[in-house]
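Accompanying notes for the structure given below.
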Amino acid sequence: MRNKPGFFFYLFLAGFLIAVLFPFFWLAITSIKPAGELFGADAFRILTDNPTLDNYVKVFTDYPFASYMWNSTVVAVVTTVYCVFVASIAAYAIARLRFWGKSIVLGIVLAVSMFPQIATLSPIFMFMQSTELTNSYLGLIIPYTTFALPLALWNMTNFFRKIPFELEEAAKMDGATTWQALWKVIFPLAVPGTFTTAILVFIAAWNEFFFALTINTEEGMKTVPVGIALFQGRFSIPWADISAASVIVTIPLVVMVLLFQRRIVSGLTSGAVKE
Amino acid sequence: MSLRPLRLSQLIRKIRRGTKPKSTEKSGENMKKGKGLSERSLGYLLILPAMLLILVIAIYPVGRSFYLSLYDVRLNDPTKLEPHASYGINVERYANVMPFLVSSLDHEIEKAEGKHKERLKNIKQDVLKARSTLESDEELADTYQQVNQILNEGKKVPQNMKSVHLDEEKVHNATQLITGVKKNLESMEKAEQLDESRQVVGLAKGLLSAFIEPNFVGLQYYANYFQDHRMWASLSNTMIFTVISVSLELVLGMAIALLINRQFFGRGLVRASVLIPWALPTAVAALMWKFLFDGQNGVMAKLFTEVGLIPDMGTLLTTKFWSMFAVIFADVWKTTPFMALLILAGLQTIPKNLYEAAEVDGASKVQQFFKITLPMLRTTVLVALLFRLLDAFRVFDLIYVLTGGGPANATETISVYAYKTMFSQMNFGEGSALAVIVFICIAIISMIFVKLLGRDLISDGSGK
């Protein structure tokens, strides 16, 4: 597979990129069309003569979109910080310390990460209702633990394993306790891995739909995915508003992906690929 | 889930290998002994918070789901809000209703005349009889006093005082009496013989809903679902969706990974653009495709029609076959890039000299693919397949937003069906049974893969 890429290769590549990116392109086009060009023959024109930002303004004035964004941010950030913290402590123990039952612990973590959300939904929903935690941040942060913690634990364990054992041993030889070795040697080395894990957990929490749909039903407490999915027009589905809102949520994602693509890919593949 | 990733013998071998002392570690161990916690205790201490959280927030609810599925729990019926194993009464509700029912009857008696007055007096007798029957139970009488006081102070009634167990006979008698009261009052309401009919009838109904009857149904829901056409249809929809979309993603992902596994101009750009569909919320992606597939303004629907794939634009989201096609298409668009990335990472770990050696021996490209690439990718592909299969099997967001399970349940998967049972009909017991069925299916898929993958899935780092 060392042959130089030829014309057909780039042709294929272009086709692939178009297939992947066309929907975004079309959303961006739709989001700047004035209301009159959304229907009929105009709906299929690639360019508009009267580009407008009205739809973007409408997203914030007609819907509580700013509070959707804020809710999503709070829930995703808190979930990420606390899950990564708890997971990194446990992952350190699993990867570096010797005790019986590690494989069982990892097996449980993996099994829990495979749980279908629907199987935990009814008791969690009833619990949230009886404790009046529906329509609150905590009402989402608690159930988000079900997927965020196993995800973080699994990734952090893989990262901790990659740190050479010799470093820790050297620290212990010099008289450091396990705690000191952990804080002064291992954690600084684990920062990149922690960061990668945090990105993955954040994206998972930001994108979550099922719990958010069922637990936070009040308009002011909805998260972005649920908010956009339930955008309602008076007569028809407000595609222009939806397009504008989708563009708004996609842009930070694109920036994040461009900045951290290497980390994301290494985090995604660390579980599946043995190096 | 009884996930048994390792057979016992493997486990023991692993532990032995793990504890084989290296000389340096040994000295470290000796040094630590004087400083409190042993490595093992520290290990357990560190994993404790995470394991507790997982146990309480993830594992317990699954067990609880199964428990709920044995009961007729309905969130829109005040007598069935929770699973009840025995007869009893909701004390809070009782305390909120009984005194007012009596005083409201007194008011009616005062206002009424002649034979209506007599009838109301009889009704009141029945209510009082029911009350004395119930309150002959000491526990209820006690709790009732306390709850009454709490309510008078305007505080919240604690969970353990909300209900009290009663004899089946007492509940039966009281229920019979109050049912009679309600019927009588209703007939008087119809004949317009009551002063404040809505209040007094409402109170009688409220009192009835305070009685708790056991709503244990055992495995009834499972037996029903076994013969439920809609359940089998949704299960088969789920399987069709899972098998077709995951196979397409695997084949396309593999092809793309093989093609871009080389140096070329713009590699970073391709990788970044491939990540965007993966990072986009599924709900937003589904909405986007709903727009592109729209029967009036959807540009993809238009494109498919022009190409001759579908007779007219509306076909895509309104017919059985094409709506499933649309859902699978959207899923393939969203997750193929992810698959390609995983396989690409796997490809890059295959040592180049293997291919060089094969070339020297005169193996063709095709032979190289089947003899080197595929075997070396086995673990990567199996792990990727496992996660994709499970994800696809529990699919909810995509279908809920894109088709809502329609048209005519043609794309309704089992998760969507369970959601509708729970949140449209508020049948939490019945919906939980469906959720448990999803769980069991997923457990079966996982176990098959764990058997296939064996120790590759959960290696503790020592077995490299």
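The values are calculated or read from the model by the stated rules, or taken from the named source; none is laboratory data. Predicted model only: the values in this text are computed from it and were never measured. Please note: Cβ atoms are built from the backbone with ideal geometry, for glycine as well, and neighbour counts cover all protein chains shown. Please note that ligands, DNA and RNA were not included when accessible areas were found on the heavy atoms of the full protein model with its side chains. Shrake-Rupley method; radii C 1.70, N 1.55, O 1.52, S 1.80 Å.
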Of B:GLN199, B:LEU134, B:ILE123, farthest towards positive along the dipole that unit charges on Lys, Arg, Asp, Glu beta carbons give segment B:86-212: B:GLN199
Burial ranking of peptide ranges B:48-57, B:330-339, A:11-20, A:209-218 (average Cβ count within 10 Å, highest at the top): B:330-339, A:209-218, B:48-57, A:11-20
Spacing of the two label points (7 Å from each Cα toward its C-beta) at B:GLU306 and B:PHE100, in nm: 6.6 nm
Förster radius 22 Å - calculated FRET efficiency between A:LEU189 and A:ARG262, Cβ distance, rounded to 0.05: 0.80
Chain B: angle of helix B:197-208 to the longest principal axis, Cα-based, in degrees nearest 10: 60 degrees
Unit Cα scatterers, Debye sum, the protein assembly as shown: log10 I(q)/I(0) for q = 0.08, 0.10, 0.11 Å⁻¹: -0.79, -1.10, -1.24
Surface per residue (accessible, 1.4 Å probe) for the protein assembly as shown, Å²: 46 Å²
Filtered trypsin sites (Lys or Arg not before Pro), segment A:170-245: DSSP coil and at most 15 other beta carbons within 10 Å: A:ARG234
At R0 = 30 Å, FRET efficiency that the Cβ-Cβ distance of A:GLU166 and B:GLN348 yields, to 0.05: 0.70
Built amide H within the under 5 Å cut-off of B:TYR71, gap 5+: B:VAL217
Flagged links, alpha-carbon separation over 19 Å, of B:LYS121/B:LYS182; A:LYS33/A:LYS222; B:LYS334/B:LYS451; B:LYS117/B:LYS183; B:LYS129/B:LYS205; A:LYS162/B:LYS352: A:LYS33/A:LYS222; B:LYS334/B:LYS451; A:LYS162/B:LYS352
Rough spin-label spacing in nm, given labels placed 7 Å along Cα→Cβ, for B:PHE216 and A:PHE60: 5.9 nm
A:PHE25 paired with A:GLN232, simple spin-label distance in nm, labels 7 Å along Cα-to-beta-carbon: 3.6 nm
Buried area at the A-B interface (accessible, heavy atoms, 1.4 Å probe, summed, Å²): 10200 Å²
Interatomic Cα distance distribution for chain B, bins of 10 angstrom, percent: 4, 13, 17, 17, 16, 14, 10, 6, 3, 1, 0, 0
³J(HN,Hα), Karplus 6.51/-1.76/1.60, whole Hz, each residue of segment A:197-211, x for Gly, Pro: 4, 4, 4, 5, 5, 4, 4, 4, 6, 4, 8, 4, 10, 5, 5
Accessible surface ranking that places the most exposed of B:HIS84, B:HIS172 first, with a 1.4 angstrom probe: B:HIS172, B:HIS84
Per-q log10 I(q)/I(0), segment B:223-456, q = 0.16, 0.17 Å⁻¹ (Debye; single scatterer per alpha-carbon; no solvent): -1.17, -1.24
Degrees, to the nearest 10: B:229-260 long Cα axis against longest axis of chain B: 30 degrees
Full-stretch length increase - B:ASN173, B:GLN425 - with 0.36 nm per residue and alpha-carbon distance subtracted: 87.6 nm
Sites matching GluC sites (Glu not before Pro) across segment B:135-225 that sit in DSSP coil, with at most 14 neighbouring C-beta atoms within 10 Å: B:GLU153, B:GLU192, B:GLU196
FRET efficiency, 1/(1 + (r/R0)^6) with R0 25 Å, evaluated for B:GLU138 and B:LYS162 via beta carbons: 0.90
Extension gain from B:THR318 to B:GLU39, taking 0.36 nm per residue of separation minus the Cα-Cα distance: 94.2 nm
Peptide B:345-355, shielding by other chains (average Cβ, 10 Å cutoff): 2
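Within 10 Å of each Cβ in A:91-98, how many Cβ atoms from other chains are there, averaged over the peptide?
6
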In order through segment A:58-68: 3J(HN,Hα) via Karplus (6.51 cos²θ - 1.76 cosθ + 1.60), integer Hz, x for Gly, Pro: 4, 4, 8, 8, 7, 10, x, 5, 4, 6, 4
